[in-house]
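The values are calculated or read from the model by the stated rules, or taken from the named source; none is laboratory data. Since we're looking at a predicted model, the values are computed, not measured. So basically every Cβ, Gly included, is an ideal-geometry build from the backbone, and we count neighbours across all protein chains shown. Protein only, heavy atoms only, side chains kept; ligands, DNA and RNA dropped before computing areas. Shrake-Rupley method; radii C 1.70, N 1.55, O 1.52, S 1.80 Å.
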Amino acid sequence: MTRSPTAPPFPAAGARRGPDPADDAGPVDRPRRLRRTAAIRALVRETTLAPDDLICPLFVVHGQGVRRAIGAMPGQHHLSVDVLAGEAEAIAAAGIPAVILFGLPAAKDAEGRESFDPDGIVQRAVRAVKRAAPGLAVITDVCLCEYTDHGHCGLVAGGEVDNDATLGVLGRVAVSHAEAGADVVAPSGMMDGMVAAIRADLDDAGFKQVPILSYAAKYASHFYGPFREAADSPPQFGDRRGYQMDPANAREALREMALDVDEGADILMVKPALPYLDILRAARDAFDVPLAAYNVSGEYAMIKAAAAAGWLDERACALESLTAIKRAGADMILTYWARDAARWLREG
Ligand code: PBG
């Protein structure tokens, strides 16, 4: 191939790269060569998604034989503990390694007391899942918002969430989950010092082996809307901006994550996922610990609604979303598509 000696240095790097407008042969570099067939694309694919990247969120309620559809999250249900056991077996059989449990208590109060009751909804659910599918990892959400009558993620004093008073309760919740058999505890309340407090309480109670998955960079996001209906957890006054992060901030997320690593977090989470892929990438570059991303209820509901209207292909958009989240740096993804995605990936 000949090149005109007068060709401009374009791109700056030099003679061989890029198209030469004076050259009939066209571009030298042709990325399309590696896109020509499915087999070649498979060889050069940088990111692959598998069922064992996924964590399946489940909502547990009191009662018997309950399987009640959640309006704002089509395909998701409130399950009673007996029904949950069967669901857990199916999830394990699909090759999904973990579930995360959210509970709806029988009654709410100012301290969220059912959250640490040995016979509380989540504690009973953990025992049932471990019995039905012992190999499935059970992760529990450690937070008070579903259990408090005011709907905030901690104890309220003088109209504000009292950080330090909340820490003791969170430790107690985590220990009660570990006693029930939880494999991993996941504090989501965005209290300062929550990871250290929970680590100390777990260790004191003899649960040195139970890891902490910290919702470290959790934003005050409107994409949680459908979840708050599902978990019956909207704040009854004010909002969560006094403890969850401002969506405008990125450096602060790295600071939050660094603090959690120092406090002993074993896994860090970024939440939500799709609107915060930059945070996930920055976290991947800054920390060596495993990273989780939460593909939250609003991200799910948007695609579900568009698919129901005939505007988007649900399967294609869901798999594209999950692949993008993994590409950005997530090692594991919490997603309401976990079961469907595992099936779609198996079907190929
Ligand atoms: C709080 C919690 C929330 C979610 C998970 N844990 C909601 C909130 O902070 O208000 C949201 C998950 C989702 O939207 O899918 N314990």
Angle check, please: helix 81-93 long axis (alpha carbons) against the longest principal axis of the chain (alpha carbons), in degrees 0 to 90, nearest 10. 30 degrees
Projected onto their principal axes, the Cα atoms of the chain stretch, largest extent first, over whole-Å spans of 79, 40, 39
Tell me which lysines have Cα within less than 17 Å of residue 218's Cα, excluding those fewer than 8 residues away on the same chain? 271
Give the separation of the Cα centroids, region 197-224 to region 230-248, in Å. 18 Å
GluC sites (Glu not before Pro) within region 39-137: which are DSSP loop residues with at most 14 other Cβ atoms inside 10 Å? 46
What number, rounded to the nearest 500 deg cm²/dmol, is the helix-based mean residue ellipticity at 222 nm of the chain, given -39500 (n - 2.57) per DSSP H run of at least four residues and division by all its residues? -11000 deg cm²/dmol
For region 110-169, whose charge dipole is built from +1 on Lys and Arg Cβ atoms and -1 on Asp and Glu Cβ atoms, the candidate among 112, 163, 123 with its Cα farthest towards the positive end is 123
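Return the loop-located trypsin sites (Lys or Arg not before Pro) in region 169-217 (DSSP other than H, G, I, E, B) with at most 16 other Cβ atoms within 10 Å of their own Cβ; answer none if there are none.
208
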Leaving out same-chain residues fewer than 8 places away, which aspartates and glutamates sit with a Cα under 13 Å from that of residue 108? 117, 146, 149, 232
How large, in percent, is the carbon and sulfur part of the accessible surface of the chain at a probe radius of 1.4 Å? 53 percent
To the nearest 10 degrees, the tilt of helix 277-286 (Cα long axis) against the first principal axis of the alpha carbons of the chain is 90 degrees
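Please calculate how many Å² of accessible area region 109-246 carries per residue, with a 1.4 Å probe and no DNA, RNA or ligand atoms counted. Kindly include the intermediate steps, with their values, before the conclusion.
Details: 5120 Å² over 138 residues.
Accessible surface, normalised per residue, equals 37 Å².
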Distance in nm between label sites at residue 110 and residue 306, each 7 Å beyond Cα in the beta-carbon direction? 4.6 nm
Between 0 and 90 degrees, rounded to the nearest ten: what's the tilt of helix 338-347 against the longest Cα principal axis of the chain? 40 degrees
